[in-house]
Number of protein chains: 2
Amino acid sequence: MASSIFNPPSSTTALLLRSRHPIRVGPTSLRFFTIRSSPPSSRVLSIVASATEASAKVIDGKAVAKQIREEIAVEVSKMKEAVGVIPGLAVILVGDRKDSATYVRNKKKACESVGINSLEVNLPEDSTEEEVLNYISDYNDDPAVHGILVQLPLPSHINERNVLNAVRIEKDVDGFHPLNIGRLAMRGRDPLFVPCTPKGCIELLHRYGISIKGKRAVVIGRSNIVGMPAALLLQREDATVTVVHSRTSNPEEITRQADIIISAVGQPNMVRGSWIKPGAVIIDVGINPVDDPSSSRGYKLVGDVCYEEAIQVASAITPVPGGVGPMTIAMLLQNTLSSAKRIHSFE
Amino acid sequence: MASSIFNPPSSTTALLLRSRHPIRVGPTSLRFFTIRSSPPSSRVLSIVASATEASAKVIDGKAVAKQIREEIAVEVSKMKEAVGVIPGLAVILVGDRKDSATYVRNKKKACESVGINSLEVNLPEDSTEEEVLNYISDYNDDPAVHGILVQLPLPSHINERNVLNAVRIEKDVDGFHPLNIGRLAMRGRDPLFVPCTPKGCIELLHRYGISIKGKRAVVIGRSNIVGMPAALLLQREDATVTVVHSRTSNPEEITRQADIIISAVGQPNMVRGSWIKPGAVIIDVGINPVDDPSSSRGYKLVGDVCYEEAIQVASAITPVPGGVGPMTIAMLLQNTLSSAKRIHSFE
């Protein structure tokens with residue numbers, strides 16, 4: 001029978017290639033050089049050093065995100081000077097989930113770091129749907145707010161769809177509105193916003209000069225917030241895209257055909273070395289906590305892709321953490337900035 | 001490895017198998033028997049007879065469409081009796097393209113055959129965009145109209161997007177509105193309407209009892225009206241979908257992996273026998289005129305798939321004409337009926 005995508009084969013004997021593969025990303029890309037001109041972070045250096053016989057280039061999401069934030073800060077300050085407008089992002093948090101509170105705090109800090117105003121409302125766990133909708137309505141009408149973000153998940157008594165649908169599409173910086181997704185899927189149409197995480201994945205490919213056109217791409221996972229829009233984005237850039245999901249009977253075989261792999265399933269180390277075509281580029285969206293007694297926290301974060309195996313087969317790979325993660329917030333800032341620019345017709 | 005239920009013999013050296021392959025569609029399917037109970041059309045019989053050593057089952061779109069029209073006629077009459085409402089379809093035709101006029105005439109006749117009211121306006125070629133928009137606005141407000149269809153292509157001086165966007169989403173029986181496409185792409189969301197041609201492709205698979213879940217599917221072509229929504233539909237039914245397009249570097253190799261092929265590119269005979277995995281199911285959306293001196297019209301219609309080769313490799317295939325073509329109009333009638341039902345809350 002098929003090995004379910006959620007039960008990866010445990011045998012890892014074959015296909016752990018030890019040879020060096022040509023690195024396709026790289027030095028011919030002007031944009032990539034722009035990034036390289038800032039010194040690589042020490043963390044990335046240590047990752048490269050610790051991987052034995054590694055051949056893959058590490059795609060440094062932290063450095064790229066920093067670069068993008070710097071670009072945004074320049075734009076924000078230009079806009080303020082030229083038209084007196086400061087982009088504003090409103091974040092609505094309902095309840096007191098610790099992880100959500102951390103995400104919201106990080107978004108707030110990121111806004112501050114680039115000069116974007118951040119407004120935040122923290123509603124109690126037992127808030128009614130109507131109360132949440134009232135806040136959205138206020139932010140929809142508030143000219144100082146250019147982006148509205150509802151931190152998910154919401155408490156179970158609140159209908160997530162109703163809440164997300166209430167966000168005015170011009171301020172839907174998350175890009176989750178069906179109208180945005182429809183435009184993303186259609187040729188000749190353009191969405192107002194592209195969802196942040198998949199947008200960050202593609203931006204990493206762009207900034208590292210990795211060509212997408214005509215490439216085989218496999219997206220593992222078909223969630224509304226990552227997998228599905230990532231597949232649509234890759235297709236917009238002329239990749240030949242296959243979406244692998246929980247019902248796929250031979251995920252390993254299909255994934256091995258890919259020049260570009262984007263994995264977003266939330267299964268630690270599911271994609272083994274044997275799933276990867278030598279020289280493939282890997283964007284790992286998964287951020288999965290696994291037990292780690294050696295860590296003071298008792299756990300560590302790993303991706304969907306078995307990093308130690310993949311780095312020996314792939315030509316480039318994002319680490320976890322420090323890969324896609326920092327890009328998501330950078331793209332949220334970028335969406336907020338472009339929303340403010342659009343609303344105020346500022347180029 | 002998973003064994004596909006299509007169970008292709010993989011060891012064959014030549015891809016054009018001459019032996020008979022097991023027919024997987026069929027007799028266990030109740031819905032299929034329903035169709036079989038109506039006599040097969042003589043045209044289909046002649047196609048089968050003329051293909052030497054054919055093994056594929058011919059998917060008779062004409063017979064299925066007839067069956068569906070009969071089902072719709074029953075529903076329309078029930079609805080009229082119960083709530084006094086007759087579904088109405090308005091068609092807007094601009095200019096005097098002969099092919100468009102034929103399509104509109106066929107739609108009108110199909111409406112009549114099932115008891116759906118058809119309203120039609122034929123505007124001159126030099127109509128302004130505003131004039132077209134005025135008609136749409138009237139139909140949007142007309143309670144006797146449950147579906148509005150703008151026959152494409154429009155004259156080049158009219159902006160197609162503006163016109164299509166003006167159709168109220170509750171009456172967009174073509175299903176081309178980005179909001180519909182977005183909902184089609186998203187898990188947990190449902191479109192108000194599914195575009196007619198791709199819906200017809202999937203309906204053929206359903207009616208012939210061809211299972212989609214877990215199958216490899218290749219969609220050739222990524223148009224907004226067929227390829228892209230067909231891929232989204234197949235994915236909704238848990239196929240593992242790859243979209244092959246003009247930038248795909250190895251379309252033959254990828255297509256040969258498919259259990260189900262939907263081709264919608266408009267290239268006569270592009271998909272050869274060697275592109276097809278033995279036992280695959282083929283839905284051919286292409287309707288391409290090619291020179292044929294033996295025909296009184298001087299041409300004949302062929303699909304994207306080389307029928308003579310494919311019928312010897314595939315397990316089931318739609319002919320051209322008589323495959324997907326008749327299904328498109330049947331699905332338009334079905335969308336109009338369900339629109340009327342939804343508007344009048346009639347189950």
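Mean partner shielding of peptide A:255-263, defined as the number of other chain Cβ atoms within 10 Å of each residue Cβ, is 1.
Converting phi to 3J(HN,Hα) with the Karplus coefficients 6.51, -1.76 and 1.60 and the offset θ = phi - 60°, segment A:80-93 yields 4, 5, 6, 10, x, 10, 10, x, x, 10, 9, 10, 10, 10 Hz in sequence order, with x at every glycine or proline.
Taking every DSSP bridge with both residues inside segment A:195-324, close to 20 percent are antiparallel. For B:TYR299, the residues 5 or more places off, or on other chains, whose built amide H falls under 5 Å of its own are B:ASP292. Annotation: amide H-H contacts under 5 Å for A:LYS57 (H modelled 1.01 Å from N, sequence separation of 5 or more, or interchain): A:ALA316, A:ILE317.
Need one value for B:248-254: mean number of C-beta atoms belonging to other chains within 10 Å of its residues' C-beta atoms. For peptide B:248-254, the averaged partner shielding equals 3. Which one of B:PRO268, B:SER249, B:SER296 is farthest out on the positive end of the charge dipole of segment B:237-302, using unit charges on Cβ (Lys, Arg +1; Asp, Glu -1) and the Cα centre as origin? The Cα lying farthest towards the positive end belongs to B:SER296. Take the Cα of B:ILE86, step 7 Å along the line toward its Cβ, and report every residue of segment B:119-162 whose backbone nitrogen sits under 18 Å from that point. Answer for this model: B:119-121, B:142-148.
Of all aspartates and glutamates in the structure, those lying under 20 Å Cα to Cα from B:LYS215, and not within fewer than 8 positions of it along the same chain, are A:GLU252, A:GLU253, B:GLU203, B:GLU237, B:ASP238, B:GLU252, B:GLU253, B:ASP259, B:ASP284.
Would you mind working out the magnitude of the charge dipole of segment B:195-324 relative to its Cα centre, with +1 at each Lys and Arg C-beta and -1 at each Asp and Glu C-beta, to the nearest 20 Debye?
Working: 13 positive and 12 negative charges, 66 e Å.
Magnitude of the dipole: close to 320 debye.
Among residues other than B:ASN224 whose Cβ falls under 9 Å from its Cβ, what is the net charge (Lys/Arg +1, Asp/Glu -1)? Net local charge, B:ASN224 excluded: +3. Residues whose amide H falls under 5 Å from that of A:GLU120, counting only those 5 or more places apart or on a different chain, are A:VAL91, with hydrogens built in the peptide plane. What the phi angles of segment B:185-194 give under the Karplus curve with 6.51, -1.76 and 1.60, with θ = phi - 60°, is a coupling list of 6, 8, 6, x, 10, 10, x, 5, 9, 9 Hz, glycine and proline written as x. Give me the net charge of A:ILE343's neighbourhood, meaning all other residues with Cβ under 9 Å from the Cβ of A:ILE343; Lys, Arg count +1, Asp, Glu -1. Overall, the nearby charge balance is +2.
Mean partner shielding of peptide A:125-138, defined as the number of other chain Cβ atoms within 10 Å of each residue Cβ, is 0.
Please give the charge dipole size of segment A:83-185, origin at the Cα centre, charges +1 on K and R Cβ atoms and -1 on D and E Cβ atoms. Round to the nearest 20 debye. Spell out each step's value before the answer.
Details: 10 positive and 16 negative charges, 104 e Å.
Rounded to the nearest 20 debye, it is 500 debye.
Tell me whether segment B:168-266 comes out rounded, prolate or oblate; compute the Cα gyration tensor, take square roots of the eigenvalues as a ≥ b ≥ c, and use a/c under 1.5 as the rounded threshold. Taking the square roots of the gyration eigenvalues as a ≥ b ≥ c, segment B:168-266 is prolate.
Since every read-out is calculated from the coordinates, none of them should be taken as a lab result. Nothing here was measured: the structure is a model prediction, and the numbers come from that model. In this analysis, Cβ positions are derived from the backbone assuming ideal geometry, glycine residues included, and neighbour counts consider all displayed protein chains.
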